[in-house]
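What follows is a short report on a single structure.
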Amino acid sequence: QVQLVESGGGLVQAGGSLRLSCAASGRTVSSYATGWFRQAPGQEREFVGAISWSGSTTYSTDSLKGRFTISRDDAKNTVYLQMNSLKPEDTAVYYCAASESLLPPSWDYWGQGTQVTVSS
């Protein structure tokens, strides 16, 4: 029902910035929230943050909240992840996901992921 495509990843120096995009298509009206996740090599997928239908945002840690910002452009049906002050430990494949349920979210639809590599 919902298709998600991430873009904007790449190679960046430590301290630099990237903006990831998550373009949605299909029956997006049923989504209560869009989240960002990341998965580093050899590690489990980690929740980064999310934005609800109303525009409220949440982040997994205070550190991420200070460096990352999630926003949404309804006209473009796109959710963004602005990443500043990037660190090598931010290197991962970043995924966006859409959830049709809350408390807990169900994360029903996923994008294919985009690689972010931060060099020191």
**Request:** Rounded to whole Hz and in sequence order, give me ³J(HN,Hα) for the stretch 92-97 from the Karplus expression 6.51 cos²θ - 1.76 cosθ + 1.60, θ = phi - 60°, writing x for Gly and Pro.
**Result:** 4, 8, 9, 10, 10, 8
**Prompt:** Amide H to amide H under 5 Å from GLU100: which residues, 5+ apart in sequence or cross-chain, H placed 1.01 Å off N in plane?
**Reply:** TYR32, SER106, TRP107, ASP108
**Message:** Can you work out the Karplus-derived ³J(HN,Hα) for every residue in the stretch 5-12? Use 6.51 cos²θ - 1.76 cosθ + 1.60 with θ = phi - 60°, whole Hz, and x for glycine or proline.
**Reply:** 10, 8, 7, x, x, x, 9, 9
**Prompt:** Quick one: if you stick a label point 7 Å off each Cα along the C-beta vector at GLN43 and SER106, how many nm between them?
**Reply:** 2.9 nm
**Prompt:** Rounded to two decimals, what ratio of Rg to Rh does the stretch 52-101 give with C-alpha atoms and a Kirkwood Rh?
**Reply:** 0.97
**Prompt:** Among 55-64, 94-103, how do they line up from the highest to the lowest mean number of other beta-carbon atoms within 10 Å?
**Reply:** 94-103, 55-64
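FYI, it's all coordinate maths here, none of it is from the lab. Everything numeric here is computed off the predicted structure, so don't read it as measured data. Neighbour counts are summed over all protein chains in view; Cβ atoms, including those assigned to glycine, are modelled from backbone coordinates with ideal geometry.
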